[in-house]
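Taking it in order: structure first as structure tokens, then the write-up.
The values are calculated or read from the model by the stated rules, or taken from the named source; none is laboratory data. What you are looking at is a predicted structure, and each value in this text was computed from that prediction instead of being measured. Glycine also receives a Cβ, built like all others from the backbone with ideal geometry; neighbour counts cover every protein chain displayed. Ligands, DNA and RNA are excluded from the accessible area calculation, which covers all protein heavy atoms including side chains. Shrake-Rupley method; radii C 1.70, N 1.55, O 1.52, S 1.80 Å.
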Amino acid sequence: MATLQDSGRFGSRHIGVGSGGAMDLFALLAANYLCNNDGEEAVLELNFPAPEFIFEENAIIALAGADFAAMINETPLPPWRTIAVKKGSILSFRRPVSGSKAYLAVRGGWQAEKWLESYSTHLKLGKGGFGGKAIQKNDSIGFLSSSNSLAIGKIMPWQVSNRELAKVYGHADQIQCIAGKEYELLTATSKNDFNGQFFTLSQQSDRMGYRLSGQPLMLQQHVDLVSSAVDRGTVQLLPSGSCIVLMADHQTIGGYPRIASVARVDLPKLAQLQPGQAFGFTIISPQEAENQLVKRQKLLSEIKWACTINFKKHNLC
Amino acid sequence: MALHNALAQNAFHGFIESVPAYCSLAIFYDVAVVKASYPSAPTAFQLVKELTEKLIAGLNDASNKADNQPIVIPVYYNGEDLHSLAEHHRLSAAQVIEIHTQQIYKVFMIGFLPGFAYMGKVDERIATPRHGTPRTHVSPGSVGIAGFQTGIYPLHSPGGWQLLGQTPIKIFDVEKTVPCLLKAGDHVRFTAIDETAFNTLNEYT
């Protein structure tokens, strides 16, 4: 499925319209910055198999997130780079190499419908993005043509470095989280299981939530919780004993016990897992989670600034 | 609700939005912005907690007063569960309708679906648990009961609520600037209409 997304729809959760947005917010922003965009522009979120695109005008694009062995005509296209594409070129994705969500950004952003302050696609309501729908064959998506750029048909020499990527996606089998409101209600055995075991991403995982397979967890006693607001990253304990991590398109309200909350800095890493991949949770303090988030913001600012400088240096507009 | 409104009017730096629920208010904020704006705070969480506590202390009874008139929602009471629910409670359908329409309900929260308003408290004479097995398809505008809650389905959806009738009014309209008719804190009253009136008013076609 390919949909237009941005960093989310805010201000409408209280009427049941969730924030949505890209599953991997780091990749979305990096892709935008690599196109010298502000970060608010609509980006295409792609799963594998991903569509083939024909560029009807020159364009400056960038790919971030998953590596689907992209090609422009017959030239391999690495992710995390700025690419000047020639009119008539065909962008295709040959095979899933790593990760599960790829982001395709274009200079100026993809033309998208804004609804309730966001370009994100709300599939259920059919609003936002590409008229509220996923992209289908023969669809045309508009963008600002870069015909006055000096570079045509080039992979630009700068990139988001491997060192920087390791900070975001390194230790892929370890997902940091903070203890949830109902964490203490877990039995001692279940607490051990939560901290010590490997969970596997099940096939029943989608933009609403990632279902996890593993040793069933139990509370010391049954609780009937009054529903309250939840957020992306909330780890809910279902009656069956299995866990689900709420993702981008989660419902705004939940009534299941919240045993943990994935640290925002590790959501991109989690989002990029493929069904069948295993990981373990590591509980960190809220303070540590906040500190890492501030560092992550700095990293993104640095990437944005570096791209802006490079665009100027190479006379890309 | 008073806190939800106070936050909307007096947002701190980094405040994104707040979401009322039955007995909680979730406050969403941008950690980096909060920390940058209030650098002396050990954590953004602590800062937000303190600011919220100050706001709560500043709220008085006046800010909690519900001065909004009840919103009247017309309902054509021909729901699939009306008769079985009436039978279950040893009432006539007409009595169920009378009991459902004489109450003024408070909207406690909107959630699960865009525009789905959870309202209460339903009179115990007609309060009924959800179906054990939900229907795969409930049409938009369906008015139902689940336990002591009453609600209206804003969209096509699977659903387990006991269906009493249909409202012709669109309670969630994506084309409107303010898409949602109801919000937490509103008061609602239902009124019975006949099939002709329903067809005349029907916004769902």
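Contact with the other protein chains removes 40 Å² or more of accessible area, compared with the isolated chain and a 1.4 Å probe, from these residues of region B:1-31: B:GLU17, B:VAL19, B:PHE28, B:VAL31. The GNM of chain A, with springs linking C-alpha atoms under 10 angstrom apart, assigns the highest mean-square fluctuation among A:SER285, A:SER190, A:SER92 to A:SER285.
Does the protein assembly as shown classify as rounded, prolate or oblate by the C-alpha gyration tensor (a ≥ b ≥ c root eigenvalues; a/c under 1.5 gives rounded; else a/b over b/c gives prolate, otherwise oblate)?
prolate
Simple rule: put +1 on each Lys or Arg Cβ and -1 on each Asp or Glu Cβ in the protein assembly as shown, find the dipole, and look at B:PHE148, A:ILE303, A:MET208; the Cα lying farthest toward the positive end is A:ILE303. The gain in end-to-end length when the B:ASN199 to B:ASN60 segment is fully stretched comes to 45.5 nm, 0.36 nm per residue minus the alpha carbon separation. A simple charge model with +1 on the Cβ of Lys and Arg, -1 on the Cβ of Asp and Glu and nothing else charged puts the dipole of region A:57-183 at about 140 debye relative to its Cα centre. Probing with 1.4 Å while keeping every protein chain in the model, the per residue accessible area of region A:265-317 equals 48 Å². Identify, among B:ILE99, B:VAL75, B:GLY111, the residue whose Cα sits farthest towards the positive end of the charge dipole of region B:71-125, taking +1 on the Cβ of Lys and Arg and -1 on the Cβ of Asp and Glu, with the dipole about the Cα centre. The listed residue farthest towards the positive side: B:GLY111.
Using the alpha carbons of region B:61-205, what is the convex hull volume per residue in cubic angstrom, as a whole number?
Per residue, the Cα convex hull of region B:61-205 comes to 116 Å³.
Measuring with a 1.4 angstrom probe and ignoring ligands and nucleic acids, A:ILE72 comes out at about 20 Å² accessible. Are there any residues in region A:196-230 with a reduction of at least 40 Å² in accessible surface when going from the isolated chain to the assembly of protein chains? Probe 1.4 Å, please list them by number. In region A:196-230, residues shielded by partner chains: A:VAL226, A:SER227, A:ALA229. Mind pulling the angle between the C-alpha long axis of helix A:286-313 and the longest principal axis of chain A? Nearest 10 degrees, somewhere in 0 to 90. Roughly 0 degrees between the two axes. Per-residue mean of foreign Cβ neighbours for A:286-296 is 4 (Cβ atoms of other chains, 10 Å radius).
Ligands, DNA and RNA are left out, and with a 1.4 angstrom probe the accessible area of region A:165-245 is 51 Å² per residue.
Going by the alpha-carbon gyration tensor, a ≥ b ≥ c the square roots of its eigenvalues, is region A:226-265 rounded (a/c under 1.5) or, if a/c is not under 1.5, prolate (a/b greater than b/c) versus oblate? It is oblate, given that a/c is not under 1.5 and a/b is not larger than b/c. Comparing A:LYS86, A:LYS298, A:LYS269 in a Gaussian network model of chain A where C-alpha atoms under 10 Å apart are linked, the largest mean-square fluctuation is found at A:LYS298.
Quick one: dipole size for region A:119-247, taken about the Cα centre, charges +1 on Lys/Arg Cβ and -1 on Asp/Glu Cβ, in debye to the nearest 20.
Result for region A:119-247 is approximately 560 debye, rounded to the nearest 20.
Given +1 at the Cβ of Lys and Arg, -1 at the Cβ of Asp and Glu and no other charges, the dipole of the protein assembly as shown around its Cα centre is 1260 debye to the nearest 20. Seen against the Cα atoms of chain A and their longest principal axis, helix A:25-34 is set at about 10 degrees.
Restricting the calculation to Cα atoms, region A:173-239 shows an Rg/Rh of 0.93 when the hydrodynamic-style radius is the Kirkwood one. The mean count of C-beta atoms from other chains within 10 Å of the C-beta of residues in B:106-115, rounded to a whole number, is 6. In Å², nearest 100, what accessible area do chains A and B bury in total when the solvent probe is 1.4 Å? By this definition, chains A and B bury close to 2500 Å².
Only lysine pairs 8 or more places apart or on separate chains count here, and in chain B those with Cα atoms under 24 Å apart total 13.
Probe radius 1.4 Å, ligands and nucleic acids ignored: give me the carbon and sulfur share of the accessible area of the protein assembly as shown as a rounded percent. The nonpolar share, carbon plus sulfur, comes to 51 percent.
Within the listed set B:THR136, B:THR191, B:THR167, the residue fluctuating most in the Gaussian network model of chain B (springs between alpha-carbon atoms under 10 angstrom) is B:THR136.
Annotation: average projected area of region A:231-297 is 5.4 square nanometres, based on the convex hull of Cα atoms across all directions. Towards the positive end of the charge dipole of chain A, with charges on Cβ (+1 Lys, Arg; -1 Asp, Glu), say which of A:ILE135, A:ASN192, A:TRP110 has the farthest Cα. Farthest towards the positive pole: A:TRP110. Debye-formula intensities of region A:115-236, expressed as log10 I(q)/I(0) at q = 0.17 Å⁻¹, are -1.16 (one equal scatterer per alpha-carbon, no solvent).
So, counting K/R as plus one and D/E as minus one, what does the shell of residues with Cβ under 14 Å around B:PRO74 add up to?
Combined, the nearby Lys, Arg, Asp and Glu give -1.
For A:VAL230, the accessible surface of its heavy atoms amounts to roughly 10 Å² (probe 1.4 Å, protein chains only, rounded to the nearest 10).
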